[in-house]
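Asker: Mind looking over this structure? Questions follow.
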Ligand SMILES: Nc1ncnc2c1ncn2[C@@H]1O[C@H](COP(=O)(O)OP(=O)(O)OP(=O)(O)O)[C@@H](O)[C@H]1O
């Protein structure tokens, strides 16, 4: 460690107290670690014209804030967005492992400030440039790697609360740091975009309302369709990027519709079903033709530090919490005991709360029966169960339908993320439709997405209704 640069930054910090107003702020640290830092930048066009910081903590934090402000002021926005923990530590002549935390916090704050400022930036348009959505997972890291010649990276902060529900998930600060490190290792500019208010209003609140109304909502479909990809496309405009790429497994047809990925086991077109054709026209899915083992092999070959990182398993905001606790905390959906009854009204058991059940559910009913029993529906506090035959349906009503092709072209529907498409016919017109299925389907749950297909091409989307 070379103390000289460190001491210089400490003795005469660059930009300390600067930009109390007129810039965009990013904050990092908190009560837990005892260090707090604000970094501010003012961006005009494609340049960082001013930078400043304020730090409350150890000397290393002040030096790191000063280094961050010094490294980005006067720089092109993309060069500023290439400054991370390593560059800050290097500017300080190297930091001991104990002090590296200060550089991490300064980089966190800097990237939040750059992300906020980027929403008002105006970088000249480049037909080849692609904004890559990097979550800190292996899929999007490989997407970034494959497009690295023309890529700029962004990571979204979607959810964080006092009890840190999602500390292990794609939305947490750790995942943002990891994504930033991977992007910087590839030489890419990286931005952190704080979408917590939009995510709360557009995804979490409707999710909570859906459960409160006895439905089983599909938050990832609405997040992709109406929140995160729209916001990233707007950012792409600001950063002069024509394209937006993600690590989803999906394809785009020549006439601009979504199509299932080459690997049916990984296909995520269902999760993207609510994307508008205008958005699809700007999307790139570099993993479209790959299998997961191929993606991991590319990551290992390129020595990406996330090559063996586990896939995400749950909704990002539920990680570390579980649905029941989340619903109790955020929607006040406390357990309310009730009866489990058959369709004819016979009481066959008891439960702790109807919101724990989904139409089609078989496990966890706690009812002894010679024949398997399934949840048919919930009625207030009562959970109605029945046989497989009772559950099977050949008619499904949907609401909020949006078709990109005439209804007569729909030949199948996927009624759950991992279920097989069922051949069907659309009856009716407008936003409320009926689907006549060629074969019975078990467990069409109100609130879930109905992904309307022609072959393996997504030609429409709707929500299953009661
Ligand atoms: N917080 C985030 N910030 C930026 N992009 C994200 C974020 N979360 C997800 N994405 C984008 O959406 C894609 C699909 O997200 P999903 O949550 O399904 O993760 P995944 O399939 O486990 O992918 P990955 O391995 O990249 O995390 C990701 O590959 C990434 O491009």
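The values are calculated or read from the model by the stated rules, or taken from the named source; none is laboratory data. All values reported here derive from a predicted model rather than from experimental measurement. As a convention, Cβ positions derive from the backbone with ideal geometry for all residues, glycine included, and neighbour counts pool all protein chains shown.
Yes or no, residue by residue, for (1) in the same structural domain as residue 278 (by TED's automatic domain parsing); (2) under 20 Å from residue 267 (Cβ atoms); (3) at pLDDT 95 or above; (4) part of a loop (DSSP other than H, G, I, E, B):
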| position | (1), (2), (3), (4) |
| --- | --- |
| 399 | no, no, yes, no |
| 416 | no, yes, no, yes |
| 426 | no, no, yes, no |
| 429 | no, no, no, yes |
| 435 | no, no, yes, no |
| 451 | no, yes, yes, no |
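Asker: Which count do you get for residues in the stretch 117-139 that are touching a strand residue (DSSP E or B) at 6+ places or on another chain (Cβ under 6 Å) and not in a strand (DSSP E or B)?
Answerer: So the answer is 4.
Asker: Another question, then. Let me spell it out: the conditions are (1) crowded, with 24+ Cβ neighbours inside 10 Å; (2) within 12 Å of residue 16 (Cβ to Cβ), and residue 70 meets all of them except one. Which number is the exception?
Answerer: Answer for residue 70: the failing condition is (1).
Asker: Also, I was wondering about something else. For the stretch 191-238, enumerate the residues that are over 25 Å from residue 177 (Cα atoms), within 13 Å of the ligand (Cβ to nearest atom) and at pLDDT below 90.
Answerer: Scanning the stretch 191-238 gives a single hit, 225.
Asker: To continue, here is another question. Sort out for me the strands (runs of 3 or more DSSP E) sitting completely within the stretch 219-299 that have 3 or more residues that are in the same structural domain as residue 47 (by TED's automatic domain parsing), in contact (Cβ under 8 Å) with a residue 40 or more places away in the chain and crowded, with 22+ Cβ neighbours inside 10 Å.
Answerer: On the way: elements: 241-245, 250-252, 258-260.
Per the criteria, no element qualifies.
Asker: Taking the stretch 403-427 as the region of interest, how many residues are in contact with a strand residue (DSSP E or B) (Cβ under 8 Å, 6 or more places away or on another chain), closer than 24 Å to residue 226 by Cβ and loosely packed, with under 15 Cβ neighbours inside 10 Å?
Answerer: 0
Asker: Could I ask something else about it? Go through (1) within 14 Å of the ligand (Cβ to nearest atom); (2) over 16 Å from the mean Cα position of the chain (by Cα) one by one and return the number of the condition residue 319 breaks.
Answerer: Of (1) within 14 Å of the ligand (Cβ to nearest atom); (2) over 16 Å from the mean Cα position of the chain (by Cα), only one is false for residue 319: (2).
Asker: Can you confirm whether residue 355 is surrounded by 18 or more Cβ atoms within 10 Å (Cβ to Cβ) and out of contact with any helix residue (DSSP H, G or I) (no Cβ under 9 Å at 6 or more places or on another chain)? Steps first, please.
Answerer: Working: surrounded by 18 or more Cβ atoms within 10 Å (Cβ to Cβ): yes; out of contact with any helix residue (DSSP H, G or I) (no Cβ under 9 Å at 6 or more places or on another chain): no.
Against the criterion (surrounded by 18 or more Cβ atoms within 10 Å (Cβ to Cβ) and out of contact with any helix residue (DSSP H, G or I) (no Cβ under 9 Å at 6 or more places or on another chain)), residue 355 does not qualify.
Asker: Working carefully through the options 312, 344, 279, find the one that is within 16 Å of the ligand (Cβ to nearest atom) and modelled with pLDDT under 90.
Answerer: Numbers: 344 fails: within 16 Å of the ligand (Cβ to nearest atom); 279 fails: modelled with pLDDT under 90.
When all the criteria are applied, what remains is 312.
Asker: Residue 242 fails exactly one of the following numbered conditions: (1) within 13 Å of the ligand (Cβ to nearest atom); (2) in contact with a helix residue (DSSP H, G or I) (Cβ under 9 Å, 6 or more places away or on another chain); (3) under 24 Å from residue 145 (Cβ atoms); (4) modelled with pLDDT of 95 or more. What is the number of that condition?
Answerer: Going through the list (1) within 13 Å of the ligand (Cβ to nearest atom); (2) in contact with a helix residue (DSSP H, G or I) (Cβ under 9 Å, 6 or more places away or on another chain); (3) under 24 Å from residue 145 (Cβ atoms); (4) modelled with pLDDT of 95 or more, residue 242 breaks only (1).
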